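Working notes, beginning with the structure itself.
Read-outs throughout are calculated quantities, based only on the coordinates presented, and are distinct from any laboratory measurement. As the structure is a computational prediction, the values presented were derived from the model and not from experiment. A quick note on method: Cβ atoms are made from the backbone with ideal geometry, for glycine too, and the neighbour counts reach across all protein chains shown.
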Amino acid sequence: MLNYRQLHYFWVVARTGSIVRACEQLNLTPQTISGQISLLEQTFGVELFRKVGRQLELTEAGRQTLPYAEQMFQLGNELEAMLRTQPNEQQRLLRVGVADVLPKSIVYRLIAPTMELDEPIRITCREDKLERLLADLAIQRLDLVISDSPMPSHLDIKGYSQKLGECGISFFATTALAARHADDFPRCLHGAPLLIPGQESMVRSRLLRWFAEQQLHPRIVGEFDDSALMQAFGQSGSGIFIAPSVIAEEVCRQYGVELIGQTEAVSESFYAISVERKVKHPGIVAITEGARRELFTTQEG
């Protein structure tokens, strides 16, 4: 059976990089820590560390063990923090996973209504690839996943998708770049330097298909999984970039860029994915109702 104390010593040594630093953190002797790690290795018949000169290095078994230990003790820390919270100070927790392709401004505006509820809500947000987020949703490590696509049909995960809304896209550029490419939209995009979302973004394929239909051939100079990074490159003048039209004014103000055109022919959609068909968590209800009432006001509920 796994000895969690021994695993904890392994985890601390792996994180700190040495037994000496682990001793300082755990307030134990080197003999105690090395002895307990040796017992752990003997239990399972594996070597977790090897000596390289005066340094310790993880073996292949150690590298495979470390992520499991990370998850276990992260959950333990979260459990301890929850249990230490006094009952009269407890807040309902809302754990939100955010697909990393989504614009941060949209995510903030979707989640913001939870901060206005009468019942205090404590929000934890985690950004990652959609499939990893859905895996955590399946084992109830997340309450909600916000994505630009509904639950993929090929995943054997129980989940229900609610469409929060959709909108067209807008094109932005710095003043200098806009001066050269702002006339006769969308023809002005032909040959223009363009920054586009990466492969995992749903809007990318729609955008490229629209270019083909319009017989436009922009010069793609960058592809980005992270929308904030794409906007940072756009702010620097590296190329024209896109964002959902619903936040067009905010993008212009935040990045000091100009709007050079909009289209409804390319739409971006947003979904809330949860494990419950009928959502009961007040935070999720606030997100879905707020999106339809305030953010995507032209969309039907």
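Can you show me the helix-derived [θ] at 222 nm for the chain, built from DSSP H runs with n ≥ 4 at -39,500 (n - 2.57) apiece and divided by the number of residues, rounded to the nearest 500.
Calculated mean residue ellipticity at 222 nm is -12500 deg cm²/dmol.
Just 25, 74, 214 to compare: in a GNM of the chain, with alpha carbon springs under 10 Å, which one fluctuates most?
25
State the percent of C-alpha pairs, over all pairs in segment 91-301, separated by a distance greater than 22 angstrom.
50
I'd like the antiparallel share, as a percent to the nearest 5, of DSSP beta bridges with both residues in the chain.
60
Compute the semi-axes of the equivalent ellipsoid of segment 4-84, taking the square root of 5 times each eigenvalue of the Cα gyration tensor, and list them largest first in whole Å. Provide the component values of the computation, followed by the final result.
On the way: eigenvalues 92, 45, 27 Å².
Over the Cα atoms of segment 4-84, the semi-axes work out to 21, 15, 12 Å.
Give the residue from 76, 12, 160 lying farthest towards the positive end of the charge dipole for the chain; charges sit on Cβ (+1 for Lys and Arg, -1 for Asp and Glu) and the dipole is referred to the Cα centre.
Going by the Cα projections, it comes out as 12.
Which whole-Hz ³J(HN,Hα) couplings does segment 234-244 yield from phi under the Karplus relation 6.51 cos²θ - 1.76 cosθ + 1.60, θ = phi - 60°, glycine and proline marked x?
Result, ordered by residue: x, 4, 7, x, 5, x, 6, 9, 10, 7, x Hz.
Calculate the FRET efficiency for residue 289 and residue 39 from the Cβ-Cβ distance with a Förster distance of 51 Å, rounded to the nearest 0.05.
0.40
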